[in-house]
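One structure is given here, and the rest of the page talks about it.
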Ligand SMILES: [Fe+2]
Ligand SMILES: [Fe+2]
């Protein structure tokens with residue numbers, strides 16, 4: 001069926017159903033005009049509505065405004081015969097050197113000149129990596145789930161999906177609501193806008209897997225609330241997110257800035273860089289045995305996005321630290337690794353209560369430590385788990401797979417120009 005892109009839900013068709021009685025006609029008009037006529041009767045126009053600060057919580061411009069100030073502004077607009085006051089733009093070209101990652105004063109609506117050309121490169125590269133979950137054949141997965149997986153393997157599969165679905169929404173909210181608005185260089189925000197889209201795409205992917213396999217959606221989505229080991233990881237991330245998702249945050253305050261840097265380090269280095277990176281591994285271990293290959297291929301695409309998210313975030317964190325001479329408390333960093341490790345151990349022991357062929361909870365946690373060391377080096381921190389072993393060396397191959405045909409017996413997984421990219 002052809003889609004009407006101007007009205008994809010056929011709303012106009014719905015609204016154009018013939019109206020049979022006068023009463024029905026009045027009811028319909030009233031519903032359509034309800035809010036407008038009510039405000040008309042009060043002598044208001046749309047511009048007279050007080051600003052709803054709950055909606056604008058994340059807008060910098062709302063941070064220092066009160067409803068009194070809003071009302072004065074509205075009155076000023078009314079007094080000038082409904083013309084908006086002229087904005088005094090400085091017409092001098094902006095200089096790249098004026099830009100800052102945070103707390104910058106350069107015009108955020110002007111992309112070039114770039115101060116952070118690497119951020120623009122990330123955006124261009126991210127756009128070379130596009131797929132939708134509908135591109136990947138899931139038919140064999142349905143058969144595998146119903147006829148080949150053991151109960152232990154089903155437990156792993158379902159709980160990995162349950163963790164990932166909740167996590168990716170959290171990742172989207174973090175970058176889109178808490179991080180992006182604090183950036184004061186548009187080239188950074190543009191990549192992060194792409195990242196927000198990708199996190200939404202990942203959620204669509206999990207939903208597609210859940211739907212296709214025929215799992216109980218409500219039950220899967222609710223698992224993070226009822227399984228303490230999944231909940232512990234989500235709560236850890238939620239605590240970091242809540243601490244920076246506030247309209248009154250002031251990054252010129254050193255404590256607030258340090259907290260923001262710690263939160264971004266956590267999300268880029270651990271949440272995306274370790275927990276996501278390592279989080280797909282149980283499914284990849286099934287894939288290596290020829291099981292759930294459609295799901296695994298979906299996760300390979302996601303994994304590549306996550307590698308970019310992690311490395312971009314780490315780069316931003318380091319730039320903030322450099323520009324603002326931030327020194328983090330070593331104990332706070334140590335605590336971050338320790339609580340992340342504890343949460344990951346609990347999670348691994350739950351999803352892999354019983355080992356599956358070729359993969360155990362010890363493998364999972366050791367791999368977490370090994371990847372954590374890598375992220376720490378990238379962040380410029382000390383290795384938190386010296387000597388951790390790379391016990392699943394094939395994991396990096398999963399992330400870096402480019403054009404290898406029949407690798408792990410899956411079909412060719414190839415981004416449009418993914419072969420040109422360094423994924424780690
Ligand atoms: Fe994601
Ligand atoms: Fe991500």
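Some points to look at:
- Of all residues making up the range 193-217, the number that are more than 14 Å from residue 295 (Cα to Cα) and either in a helix (DSSP H, G or I) or within 11 Å of ligand 2 (Cβ to nearest atom) (or both): 10
- Selected residue [assigned to a helix (DSSP H, G or I), more than 12 Å from ligand 1 (Cβ to nearest atom) and within 18 Å of residue 269 (Cα to Cα)] from 239, 225: 239
- Among the residues of the range 174-186, those that are more than 12 Å from ligand 2 (Cβ to nearest atom) and crowded, with 22+ Cβ neighbours inside 10 Å comprise 178, 183, 185.
- Selection from the range 181-192 of residues that are away from ligand 1 (no atom under 15 Å from the Cβ) and either at pLDDT below 95 or part of a helix (DSSP H, G or I) (or both): 181, 182, 186, 187, 188, 189, 190
- Verdict on residue 164 being in the same structural domain as residue 248 (by TED's automatic domain parsing), part of a helix (DSSP H, G or I) and closer than 30 Å to residue 356 by Cα: yes
- Of the residues 350, 359, the single one that is more than 16 Å from ligand 1 (Cβ to nearest atom) and at pLDDT below 95 is 359.
- So residue 277, is it assigned by TED's automatic domain parsing to the domain that holds residue 161, within 15 Å of ligand 2 (Cβ to nearest atom) and without any contact (Cβ under 8 Å) to a residue 60 or more places away in the chain: no
- Taking first residues from the range 293-315 that are in the same structural domain as residue 374 (by TED's automatic domain parsing) and under 24 Å from residue 188 (Cβ atoms) and partners that are within 13 Å of ligand 2 (Cβ to nearest atom) and outside any helix (DSSP H, G or I), the Cβ contacts under 7 Å between residues at least 6 apart in sequence or on separate chains come to 303/280; 304/129; 305/129.
- Close Cβ contacts (under 6 Å, 6 or more residues apart or on different chains) running from residues in the range 196-208 that are within 16 Å of residue 271 (Cα to Cα) and in contact (Cβ under 8 Å) with a residue 60 or more places away in the chain to residues that are outside any helix (DSSP H, G or I) and more than 10 Å from ligand 1 (Cβ to nearest atom) are absent.
- Residue within the range 129-147 that is within 26 Å of residue 309 (Cα to Cα), within 16 Å of ligand 1 (Cβ to nearest atom) and in a helix (DSSP H, G or I) present: yes
- Verdict on residue 268 being modelled with pLDDT of 95 or more and either in a loop (DSSP other than H, G, I, E, B) or under 30 Å from residue 97 (Cβ atoms) (or both): yes
This table checks each residue for (1) closer than 15 Å to residue 280 by Cα; (2) out of contact with any strand residue (DSSP E or B) (no Cβ under 6 Å at 6 or more places or on another chain); (3) without any contact (Cβ under 8 Å) to a residue 60 or more places away in the chain.
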site	(1), (2), (3)
325	no, yes, yes
341	no, yes, yes
345	no, yes, yes
351	yes, yes, no
360	yes, yes, yes
365	yes, yes, yes
377	no, yes, yes
390	no, yes, yes
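The values are calculated or read from the model by the stated rules, or taken from the named source; none is laboratory data. On a predicted model such as this, the values are computed, not experimentally measured, just so you know. So basically every Cβ, Gly included, is an ideal-geometry build from the backbone, and we count neighbours across all protein chains shown.
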